[in-house]
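In what follows, a structure is listed as structure tokens, so that the remarks can point back to it.
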Ligand SMILES: Nc1ncnc2c1ncn2[C@@H]1O[C@H](COP(=O)(O)OP(=O)(O)OP(=O)(O)O)[C@@H](O)[C@H]1O
Ligand SMILES: Nc1ncnc2c1ncn2[C@@H]1O[C@H](COP(=O)(O)OP(=O)(O)OP(=O)(O)O)[C@@H](O)[C@H]1O
Ligand SMILES: [Mg+2]
Ligand SMILES: [Mg+2]
């Protein structure tokens, strides 16, 4: 039983990512004595919230056989518009309205993606490249976006709300576990339930496995794709709103350019870029790994100038290890042919 | 009570000018096994898609359980008890067997949530119907082709099917598996379920069918009972021409062997394979799926590196470090699955033909001579009588038989000494099959050494001068086709049950 | 060579087209600058407009300038993303007879004049003064720039470090990490500051340069419970930073009003076009730029004294 | 005579491809539009020269991305390669020909540096190719990683500062104008297009990479050296990227780690607008060239309207991409439908 579990683990990508994470953690610990401290772990959790949410969205799309590069632009536009409207009207009410507004906008923009993608049988990379440009163009051109220094007080309060405070007894440093971490957990749980316990979720896997087979089986492929992009839009908007709230300011371009790193995290976690397979566990591990790397350069003691180089090296080595391991344990014919 | 499950009347369907179906009539009675035959491109798949509601006919009606429809939605067809098992089975390779089995049922009952226990129950019920033993948690992508098909059949049976349509269900199956499938079909018939099935394999068609509809160029060439048909008539209805299948006679055997394998082995594939092949021979290698036949072929072709034994070509020991080495040594390989392993569907017919020898149509420094390339492609198009209007068209625009000829042309263009064909006529209609056999015999006559790997028993008996029987990775017997009957060979192939699937 | 396009054939009548090219425009900095440019257009009735690239990218900025040259504007006033990258295109502009002035581009070769609201080293020194005051003139500190590729930020930081060496002997620069990057991103500034403070418990100050730095660092200080123990200073706009100034996370920020700089650039360009002499003490008609002086040893770089300090007492008095 | 040309194979190949026809129509339409609305600025030699200086930079990078995308891969690292190699060339040039060097010395230094840049570009591309073909990491991850890696190397070498003060001869030649009219960058671009066109249409290599992109298994089983092909494709892309870097080096008379950082996604956008299928196996050089021109004309055209902020640029580019793709899709006779009809998962 245990042997079987182990044999299975060794064949899974997640296992190698976990190994890399542990190894990296040990290196950081040795170099700085600061990795396995309560407050550092909380800091990493904190830094993971937004990329983690994006990664869940990106994962859903990749499982369905697509690639979405529009979510940062989508989130920026939805949250910018939300914040702009609320600030201009002097909104002082609860945080539910900003969330609601951003989610509705995110859903609408996602529907825009979804319409194109469900309607045109074109590679989603092409479509989302187009819509990403449109979204950021609308934000920067039509809405004339600028930094918004003061956000509604309820958003600000939400951004600083703390679940608990982790204190490092040695240094006395305190790190706050943000309430928004709960949202990551909740979205993760919802995504899990969606994928595992709804026909819609199984449809996402089915479409990623074989789209025409899915249609023949009776899945409403277009409808599923449409709503998938709506959901991803909503998740992205939530991520954007959290980022804005936590920063206490709206920086319209803050999220742009994150897409590739998020997709890298998802694939690093073992999701097949060709669709159909992958697990949320892997996604979280992949995101965790990238987050740790991005936020531990100073702890490891990598000089500023070497940080980009190190990040690149890690992506290559990290993905290389799992690629080589998978090829080794994988199908022989595939490896040969 | 209607006397037909489904009746198609005067159905016409065209695709941007091409008339795929021209006034087709077809009637299927309850509990009958009906065979739909026709050459590649004659409209069989189109007709099936019309019946299952995937395509809307341009003209004509479809009568389902007594109600006439001028257009049928897929869901109407399903509700009316029509189930299709597509050629690719339409399974989800990334999902478990259990899920593959249960999804359709759950979708049909419009469930929104997944209950894994119910999934398992449905799946267990599904496999029980045909007594199919399989690990319900295995991913379908890891199953053998035959098992995948059984998944598709079990799944189809879950829907109170009145009619099950199978588009070339036996293409990827070996004899033993076909027999198993036929037992299932007969069992279904006994339960009053009608079967409409498409096949290019004559002997099977005659073995099981109770009635025939033969399509030619989108028209019904004949609807008749098996008694009214023999092979000749059948081929004639399909192709509109008559031909004689000639047995292969060895005329040009070289004195020295061109290929010698001694104790060849591959971990997990085959072991201790020893044989010699002379120029001008057609060597048949037959065995069930999983007997190591494909691994052997790929090893001879350099795609796998043998772990044991020795390979000699024209007397010289060789070690292939890859396919290129084998090609350079004069070996050609027509793979099992032409769509995924042989063809570049979206590329032009010309490119598909010249790709393996493209470096040889180069004038200098990698710059190739377009005129020569085109001439070379045209040469093979006419030599193999490939029905292509223009070599610039994509390979996907051709029917199965012509596509297979392109793969063949690709290797003939390299002027090989040894040609290995893995399932040379899988899914190819009898007209094309005949032509391909002619070509193979002619090649052998020209002195090329040919290996035909096939479990199509008449094919190996008719076209080979020697047959090696492969079981569980070992050559168990060498047979002389002249003295072996089809029935004997079939019995030998399936005799040892341990030689079955892996 | 070319001639300055159709409209430029007889520009002496004073009907000039002047284009101001900022680094980008989401940054409130350049939005504010555009206000100055618009005000200048309104004040003078000239065709003066701001046109920048969609992102802070030297190559995009060069392309905007390329296109402006092609359109034959009379003058181009640029805030270079990267002076080096613009040398070729600005030379081309000048060869085409277009008046070129720059702002924040002291190292630019191919410009007629460069306006500095102040001397970069002095400005850095001034940020350092703010930081040193907060730190009580002693302790370990480091510097943060938007990007290590950003020239001005690095000059300010260098100026600050040089000034510290001279004026604050009890302060020391963190040798292991003398310069960190915020990637012009408040979130990165925040995460980086947290990491720094974990790894170097003795760190007492972070000198910011980009307007994202100090607010991000302040967030980290606050969260780590180090308020009053660790300090930061830097550049920032009043409205955006009101809160951290008022609650004391940051004692003072420095800035110059970009609107004034935009106004001054346009005025300088007009003066050159009109053939007026540009010399020491030239008056660009806006506060802080009334008596520009050539920088030491330069006949191109004009320095004003346009920076201001914002703190919790005056933060409300700016109106932007 | 003319009918002969019209019926010649290449011309027929273009007119048969409705996507190309549509791109061509679009280019003509926007040129006509700008010429009508802003004749005085648009129909001006200077405008066209200005465009001819700008697009070769990203046009060269897009050519490499195109090649890799034809093999069902992608190259996100082109900007990193361009900057790394141009910095390498600049540093080398400065050390070989310090200020005051003789003319001959300068010429030699320039030649050696260019060769060096091309070699480094080739090596960088080879690294990408090996990681894709040998280690079998998905190309999108490989090149994202090496983008960081190469940019990182550029930062390490320069400490993030620009490398400038190159011998003026370099800029005079490579950012100059042939006969005072035709900018040299566009000549470099035309040269690269010619080479790529020749390789794609006239060599076995071109056919092979399209075949590889169509069906990698079939390619392997047809005796193609797929590893070698992939490595050579990424190598080719690396060389083109370094050529782009050399053009940037001339245009800005300096090199820096973060030049052109917005080009990464722009090149991908161009290549897919040009009709290359991200799943590999199809696409035409001519389409990509048209896409480069369309984007350049649009952006230069927009810069002629002071009131239209450049922030509309992405909006318009994205809109163009979506519009062209939708138009292709809905014209059912278009071959694009079939071109993209392969399942996405076959990527
Ligand atoms: N979607 C389509 N678009 C255009 N033409 C089509 C389409 N489907 C079928 N055809 C054409 O219709 C004709 C009949 O095709 P069909 O697939 O029904 O043949 P088939 O008898 O199933 O052949 P095979 O034995 O190869 O499976 C062919 O000439 C084919 O080219
Ligand atoms: N979308 C399509 N457009 C044009 N022709 C098509 C299309 N789909 C199928 N066809 C044509 O339909 C014919 C038969 O198609 P089908 O896929 O059923 O046959 P096949 O798989 O090639 O042969 P077989 O089924 O015998 O192995 C072929 O000529 C094929 O090119
Ligand atoms: Mg068919
Ligand atoms: Mg078929």
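The values are calculated or read from the model by the stated rules, or taken from the named source; none is laboratory data. Everything numeric in this text was worked out from a predicted model, so none of it was measured. Cβ placement follows ideal geometry from the backbone for every residue including glycine, while neighbour counts extend to all protein chains displayed.
Computed values, structure above
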{"quantity": "Criterion violated by residue B:260 - all others in (1) touching a helix residue (DSSP H, G or I) at 6+ places or on another chain (Cβ under 7 Å); (2) part of a strand (DSSP E or B) satisfied", "calculated": "(1)"}
{"quantity": "Matching entry among B:357, B:376 (being closer than 24 Å to residue B:422 by Cα and either touching a residue at least 40 places away in the same chain (Cβ under 8 Å) or surrounded by 14 or more Cβ atoms within 10 Å (Cβ to Cβ) (or both))", "calculated": "B:357"}
{"quantity": "Residue within segment B:283-293 that is within 16 Å of residue B:418 (Cα to Cα) and either within 14 Å of chain A (Cβ to nearest Cβ) or not in a strand (DSSP E or B) (or both) present", "calculated": "no"}
{"quantity": "Some residue of segment B:227-243 being on the phi > 0 side of the Ramachandran plot and within 16 Å of ligand 4 (Cβ to nearest atom)", "calculated": "no"}
{"quantity": "Search result, residues across segment B:1-58 that are within 16 Å of ligand 3 (Cβ to nearest atom), within 15 Å of residue B:165 (Cβ to Cβ) and within 14 Å of another protein chain (Cβ to nearest Cβ)", "calculated": "B:45, B:48, B:49, B:51, B:52, B:54, B:55"}
{"quantity": "Meets criteria (within 14 Å of chain A (Cβ to nearest Cβ) and crowded, with 24+ Cβ neighbours inside 10 Å) for residue C:218", "calculated": "yes"}
{"quantity": "Out of B:190, B:161, sole residue that is in the same structural domain as residue B:207 (by TED's automatic domain parsing), closer than 24 Å to residue B:29 by Cβ and in contact with a strand residue (DSSP E or B) (Cβ under 8 Å, 6 or more places away or on another chain)", "calculated": "B:161"}
{"quantity": "Selected residue (only one of B:94, B:100 is under 30 Å from residue A:272 (Cα atoms), more than 8 Å from every other protein chain (Cβ to nearest Cβ) and in contact with a helix residue (DSSP H, G or I) (Cβ under 7 Å, 6 or more places away or on another chain))", "calculated": "B:100"}
{"quantity": "Answer residue from segment B:134-146, given it is modelled with pLDDT of 85 or more and more than 14 Å from chain A (Cβ to nearest Cβ) and is farthest from ligand 2 (Cβ to nearest atom) among those", "calculated": "B:136"}
{"quantity": "One residue from B:18, B:24, B:11 being under 26 Å from the mean Cα position of the chain (by Cα), farther than 25 Å from residue A:213 by Cα, within 13 Å of ligand 1 (Cβ to nearest atom) and modelled with pLDDT of 85 or more", "calculated": "B:24"}
{"quantity": "Elements of type strands (runs of 3 or more DSSP E) in segment B:1-93, at least 2 residues being within 16 Å of ligand 2 (Cβ to nearest atom)", "calculated": "B:6-15, B:18-28, B:33-38, B:82-85"}
{"quantity": "Strands (runs of 3 or more DSSP E) contained in segment B:185-235 and holding at least 2 residues closer than 25 Å to residue B:457 by Cβ and within 16 Å of ligand 1 (Cβ to nearest atom)", "calculated": "B:194-198, B:211-216"}
{"quantity": "Matching entry among D:196, D:163, D:182 (being closer than 30 Å to residue B:355 by Cα and either in contact (Cβ under 8 Å) with a residue 40 or more places away in the chain or touching a strand residue (DSSP E or B) at 6+ places or on another chain (Cβ under 7 Å) (or both))", "calculated": "D:196"}
{"quantity": "Among residues of segment A:314-325, those that are crowded, with 18+ Cβ neighbours inside 10 Å and either at the interface with another protein chain (Cβ under 7 Å from one of its Cβ atoms) or at pLDDT below 75 (or both), counted", "calculated": "6"}
{"quantity": "Odd one out for residue B:355, checked against (1) more than 16 Å from ligand 2 (Cβ to nearest atom); (2) within 24 Å of residue B:252 (Cα to Cα); (3) assigned to a helix (DSSP H, G or I)", "calculated": "(2)"}
{"quantity": "The one condition in (1) buried (at least 24 other Cβ atoms within 10 Å of the Cβ); (2) in contact with a strand residue (DSSP E or B) (Cβ under 9 Å, 6 or more places away or on another chain) that residue D:300 fails to fulfil", "calculated": "(2)"}
{"quantity": "Search result, residues across segment B:157-201 that are within 16 Å of ligand 2 (Cβ to nearest atom) and surrounded by fewer than 17 Cβ atoms within 10 Å (Cβ to Cβ)", "calculated": "none"}
{"quantity": "Single residue of segment D:203-230 satisfying the filter (surrounded by 24 or more Cβ atoms within 10 Å (Cβ to Cβ) and in a loop (DSSP other than H, G, I, E, B)) that is farthest from the other protein chains (Cβ to nearest Cβ)", "calculated": "D:224"}
{"quantity": "Helices (runs of 4 or more DSSP H) wholly inside segment B:395-485 containing at least 3 residues that are touching a helix residue (DSSP H, G or I) at 6+ places or on another chain (Cβ under 6 Å) and either away from ligand 2 (no atom under 13 Å from the Cβ) or more than 29 Å from residue B:233 (Cα to Cα) (or both)", "calculated": "B:400-412, B:457-463"}
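Conditions (1) at pLDDT below 90; (2) within 13 Å of ligand 1 (Cβ to nearest atom), marked per residue:
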site: B:31; (1), (2): yes, no
site: B:43; (1), (2): yes, yes
site: B:47; (1), (2): no, yes
site: B:55; (1), (2): yes, yes
site: B:62; (1), (2): no, no
site: B:65; (1), (2): yes, no
site: B:70; (1), (2): yes, no
site: B:85; (1), (2): yes, no
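Let's see how each residue does on (1) at pLDDT below 90; (2) loosely packed, with under 14 Cβ neighbours inside 10 Å:
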{"position": "D:1", "(1), (2)": "yes, yes"}
{"position": "D:20", "(1), (2)": "yes, no"}
{"position": "D:65", "(1), (2)": "no, no"}
{"position": "D:79", "(1), (2)": "no, no"}
{"position": "D:90", "(1), (2)": "no, no"}
{"position": "D:93", "(1), (2)": "no, no"}
{"position": "D:97", "(1), (2)": "yes, no"}
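A quick yes/no check of all residues on (1) within 8 Å of chain A (Cβ to nearest Cβ); (2) touching a residue at least 60 places away in the same chain (Cβ under 8 Å):
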{"residue": "C:177", "(1), (2)": "yes, no"}
{"residue": "C:192", "(1), (2)": "yes, no"}
{"residue": "C:207", "(1), (2)": "no, yes"}
{"residue": "C:225", "(1), (2)": "yes, no"}
{"residue": "C:244", "(1), (2)": "no, no"}
